[in-house]
Amino acid sequence: MKLYMPIFYGDKTYIEAELKKPTAGVIADTSKLMDENKLGSALLTFVAGSIESLKDIEGKEINKKEQIKVICKDMKQSCIENIAIDIVLELDPNDAIEGVYNCPRCHKQKVCESRDGIDTRDYISQLEIEYYDKEKDYFEVDLEEPYERKDKDEVIEIVNSLGFRYPNITDYIQASARYGDRDKVRVQYAIYVECLLTVNSAEVDKTWKMRYGMHMIESLKGIKNDLRKIGEEMIKYGRDRKVLKVCDSCGKEWEAYLNTANFFVSGLRQE
């Protein structure tokens, strides 16, 4: 299968994977990690253990289990989540997703489920797919509300643009270990900082990111535009998780995001 996003590993770019059904041992290892609330490690274990081979852009194949696991640590988070869904669907073709969504106008809950013969669930098979075909692992966001980096009260830098690479599963694992499930927003911020490559199109190093990165992200004022642009770009490739919802109480229409990670968890726990 064509990977939803390439794996940029050293000077190699892997673009295809041959999947296989996971063994009972892989499922047991994955379930143990999920019981420990280590979703990122569970995804890595499940997907890496279900890949027969990887093929790079030059057509060279890797089929050794140990090498595949190491390479998959650089697999993009969005890609690994989507492949996990593909594998779960091979085990059980039921692709329905239940969900609970809050109306942004009246805040009433909309429950999407199958009940009394009425099915309001969403389906994985109905989601559109977009593949990442660019050669470079990079995107840039122009800030609508620039960030001012200060030394005491003096402005020493005005940040107008930020450049990132796309997050891999290791970024997610490390950020989750640092902040935990109870601080999911900062987990996301930590991923942004780790993936930051440029500020005003100039490269920044790890020291800069450690000193200023998290403070900058937390200080951004463009929550509804700048942060949203960064977040949406990072999950753009693979299945489009945005679905239209209509409030049963006030009629408000809005776009909500499906929790495909929950689909993976619930699908695997049925095994």
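The values are calculated or read from the model by the stated rules, or taken from the named source; none is laboratory data. Every value quoted in this text rests on a predicted model; they were computed, and no experiment measured them. Note: ideal-geometry Cβ built from the backbone for every residue, glycine included; neighbour counts use all protein chains shown.
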Out of ARG239, ARG211, sole residue that is of a type in the set (Lys, Arg) and under 22 Å from the mean Cα position of the chain (by Cα): ARG239
Out of (1) in contact with a Lys or Arg (Cβ under 7 Å, 6 or more places away or on another chain); (2) without any contact (Cβ under 8 Å) to a residue 12 or more places away in the chain; (3) of a type in the set (Gly, Ala, Ser), what's the single condition that is false for SER249? (2)
Among the candidates THR30, THR45, single out the residue that is in contact (Cβ under 8 Å) with a residue 24 or more places away in the chain, hydroxyl-bearing (Ser, Thr, Tyr) and not assigned by TED's automatic domain parsing to the domain that holds LYS184. THR30
Verdict on TYR132 being of a type outside the set (Val, Ile, Thr), under 21 Å from the mean Cα position of the chain (by Cα) and in a loop (DSSP other than H, G, I, E, B): yes
Filter pass, PRO104 being assigned to a strand (DSSP E or B) and not assigned by TED's automatic domain parsing to the domain that holds ILE27: no
Scan the stretch 3-61 residue by residue and report those that are hydroxyl-bearing (Ser, Thr, Tyr) and in a helix (DSSP H, G or I). THR30, SER31, SER41, THR45
Go through (1) in contact with a strand residue (DSSP E or B) (Cβ under 7 Å, 6 or more places away or on another chain); (2) without any contact (Cβ under 8 Å) to a residue 24 or more places away in the chain; (3) part of a helix (DSSP H, G or I); (4) of a type in the set (Asp, Glu) and name the single condition GLU233 misses. (2)
Can you confirm whether VAL193 is surrounded by 14 or more Cβ atoms within 10 Å (Cβ to Cβ), at pLDDT 95 or above and not in a helix (DSSP H, G or I)? no
Take the residues of the stretch 135-147 that are among the charged types (D, E, K, R) and assigned to a loop (DSSP other than H, G, I, E, B): which is farthest from HIS215 (Cα to Cα)? GLU135
If you check ASP74 against the conditions, is it of a type in the set (Asp, Glu), in a helix (DSSP H, G or I) and either in contact with a helix residue (DSSP H, G or I) (Cβ under 6 Å, 6 or more places away or on another chain) or under 23 Å from THR260 (Cβ atoms) (or both)? no
Could you give every pair whose Cβ atoms fall below 6 Å, whose first residue belongs to the stretch 252-271 and is free of Cβ contacts under 8 Å to residues at least 12 places away in the same chain and over 22 Å from GLY238 (Cβ atoms), and whose second residue is aliphatic (A, V, I, L, M) and not in a helix (DSSP H, G or I), counting only separations of at least 6 or pairs across chains? GLU253/VAL246
Kindly evaluate VAL155 against the criterion of being surrounded by fewer than 14 Cβ atoms within 10 Å (Cβ to Cβ), under 26 Å from LEU127 (Cα atoms) and without any contact (Cβ under 8 Å) to a residue 40 or more places away in the chain. no
Cβ-Cβ under 6 Å, sequence separation 6+ or interchain: first residue in the stretch 77-100 and outside the structural domain of LEU44 (by TED's automatic domain parsing) and among the β-branched types (Val, Ile, Thr), partner surrounded by fewer than 17 Cβ atoms within 10 Å (Cβ to Cβ) and not in a loop (DSSP other than H, G, I, E, B). Which pairs? VAL100/GLN109; VAL100/VAL111
Apart from one, (1) in contact (Cβ under 8 Å) with a residue 24 or more places away in the chain; (2) not in a loop (DSSP other than H, G, I, E, B) all hold for LYS150; the odd one out is (1)
If we keep only residues of the stretch 119-134 that are touching a residue at least 40 places away in the same chain (Cβ under 8 Å) and either surrounded by fewer than 11 Cβ atoms within 10 Å (Cβ to Cβ) or not charged (D, E, K, R) (or both), then the residue nearest to TYR9 (Cα to Cα) is TYR132
